[in-house]
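Right, one structure below, let's go through it.
The values are calculated or read from the model by the stated rules, or taken from the named source; none is laboratory data. Treat the numbers as computed from the prediction; the structure is a model and nothing was measured. Using ideal geometry, Cβ is built from the backbone for each residue, glycine included, and neighbour counts are taken over all protein chains shown.
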Amino acid sequence: MTYGAECYFPRRTFDKTICLNPPEVAIVILNYNGRNYLEKFLPSVLASTYTNKRVIVADNASLDDSVAFVKANFPQVELILNTSNYGFAGGYNKALEQVKSDYYVLLNSDVEVTPNWIEPVITLMQQDSAIKVCQPKLLDYHRKDYFEYAGASGGWLDFLGYPLARGRVFETLEKDKQQYNDPIPIFWASGAAMFIEADVYHAAGGLDEYFFAHQEEIDLCWRVQLAGHKLYCCPASVVYHVGGGTLPKGHRKTYLNFRNNIIMLLKNLPASEKIWKIPFRILLDWAFAFKCILSGDTNSVKAIFKAHYDVIAWTKTEKAFRPVAIKPMRQLAGVVERSIVWAYFLKGRKIFTEIVQ
């Protein structure tokens, strides 16, 4: 239910101040050779009903005609032109240095939004000032009654650092039966459609550019939690994600996922957990590599061992020794205090509720 043409907040949470003076929301779409996605999905973003918004395309030095296309067809869209392809992390950091706003929305170019997707999120974040990061419910663009891999209805982490989401565990995607429609605290918000208070983004140091892509949003969200802030999923907001639009499945993706996940643990775990969780995780990675050997996937094996080699190289960098406000994982929201690898592969528990109960 809406409250008139210029106020879209629910009646029961109606705040006249928010309605009359809505905070500015900068929707920033990072693009690299995504002209087709921009053509397909930019119209839905521009049709968003939220009144105080800016739509910005930050181009990562695309080799296609993305920039010319946006200039010719969407003159109302602001453009930021990065001088190189800095990846997801570096591209956003360089773009957001140039954007002043109350809130940022990091939005993938392969996302179709619904008209009133912004209002519920901003309402939730304005009502609880401790909520600094929020994501909508992500559904699959190709199967719109199923959750989408990148974030589903809010990201969680198991105690060994494996990510999962309400509606997605490893490769198992649940049908959306409104079972995860409650707004709840989460561990991480999907980088495909992440709302974050601008000041918090910069105070946290932004995305870690060493990650390039994959799990950099989980690392950022972990740091935001360590700073004492809340992260939420707001399922009243719905978007549809194609997925794999910028970096499809392959050995490069395997390498980044394995490398970045271990580095994230090294950065954010307290020493008392790091000392045993990191070796355990590496053993599990080797077990997966052995499985790949048996299946003949030698390229994945190479990707995993290269990832581990580069983790060792990372530990010699300056960033490896930067102090952070460490808290035990059990003190953070959205943590499953058991192994999802054990539950999923050995006990056959394939859906979120079976694992967390």
Query raised in the report: Picking from HIS251, HIS214, HIS229, which residue would you name as being more than 29 Å from THR298 (Cα to Cα) and touching a residue at least 24 places away in the same chain (Cβ under 8 Å)?
Result: HIS229
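Yes/no matrix, rows are residues, columns are (1) surrounded by fewer than 20 Cβ atoms within 10 Å (Cβ to Cβ); (2) acidic (Asp, Glu); (3) closer than 21 Å to ILE218 by Cα; (4) in contact with a Cys (Cβ under 9 Å, 6 or more places away or on another chain):
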| position | (1), (2), (3), (4) |
| --- | --- |
| PHE258 | no, no, yes, no |
| ASN268 | no, no, yes, no |
| LEU284 | yes, no, yes, no |
| LYS291 | yes, no, no, no |
| LYS302 | yes, no, no, no |
| LYS306 | yes, no, no, no |
Report task. Give the stretch 65-79 a look and list any residue that's out of contact with any helix residue (DSSP H, G or I) (no Cβ under 9 Å at 6 or more places or on another chain) and either buried (at least 18 other Cβ atoms within 10 Å of the Cβ) or in contact (Cβ under 8 Å) with a residue 24 or more places away in the chain (or both), or say none. Result -> GLU78
Requested in this report: Determine whether ALA26 is at pLDDT 85 or above and farther than 28 Å from ALA89 by Cβ.
Outcome: no
Report task. Take TYR146 and decide whether it is modelled with pLDDT of 95 or more, within 22 Å of PRO43 (Cα to Cα) and either in contact with a Gly (Cβ under 9 Å, 6 or more places away or on another chain) or of a type outside the set (Gly, Ala, Ser) (or both). Result -> no
Query - Within the stretch 166-204, considering residues that are among the acidic types (Asp, Glu) and at pLDDT 95 or above, the one farthest from GLN127 (Cα to Cα) - result: GLU174
Report task. Please tell me if LEU220 is in contact with an Asp or Glu (Cβ under 8 Å, 6 or more places away or on another chain), within 22 Å of VAL121 (Cα to Cα), among the aliphatic types (A, V, I, L, M) and in a loop (DSSP other than H, G, I, E, B). Result -> no
Query - Given (1) buried (at least 19 other Cβ atoms within 10 Å of the Cβ); (2) outside any strand (DSSP E or B); (3) over 14 Å from the mean Cα position of the chain (by Cα), number of the condition PRO235 does not satisfy - result: (2)
Query raised in the report: In the stretch 131-165, what residues are assigned to a loop (DSSP other than H, G, I, E, B) and within 20 Å of HIS241 (Cβ to Cβ)?
Result: TYR141, HIS142, ARG143, LYS144, ASP145, GLU148, TYR149, ALA150, GLY151, ALA152, SER153, GLY154
Report summary line: Counting only residues in the stretch 77-130 that are outside any strand (DSSP E or B) and among the β-branched types (Val, Ile, Thr), the one farthest from PRO22 (Cα to Cα) is identified as THR83
Query - Single residue of the stretch 167-206 satisfying the filter (in a loop (DSSP other than H, G, I, E, B), touching a residue at least 60 places away in the same chain (Cβ under 8 Å) and of a type in the set (A, V, I, L, M)) that is nearest to ASP140 (Cα to Cα) - result: ALA192
Query raised in the report: Looking at (1) closer than 29 Å to GLU171 by Cβ; (2) modelled with pLDDT of 95 or more; (3) among the small types (Gly, Ala, Ser); (4) out of contact with any Asp or Glu (no Cβ under 6 Å at 6 or more places or on another chain), which is the only condition SER84 fails?
Result: (1)
Requested in this report: State yes or no: is GLN215 under 14 Å from the mean Cα position of the chain (by Cα) and of a type outside the set (A, V, I, L, M)?
Outcome: yes
Requested in this report: Answer yes or no: is there a residue in the stretch 189-196 that is among the hydroxyl-bearing types (Ser, Thr, Tyr) and within 15 Å of the chain's Cα centre (by Cα).
Outcome: yes
**Report entry** In the stretch 270-282, the residues that are under 24 Å from GLN225 (Cβ atoms), hydrophobic (A, V, I, L, M, F, W, C) and either touching a residue at least 60 places away in the same chain (Cβ under 8 Å) or surrounded by 15 or more Cβ atoms within 10 Å (Cβ to Cβ) (or both)
**Finding:** ILE278, PHE280
Report task. Would you mind telling me which numbered condition in (1) of a type in the set (Lys, Arg); (2) under 21 Å from PHE159 (Cβ atoms); (3) in contact (Cβ under 8 Å) with a residue 24 or more places away in the chain LYS306 fails? Result -> (2)
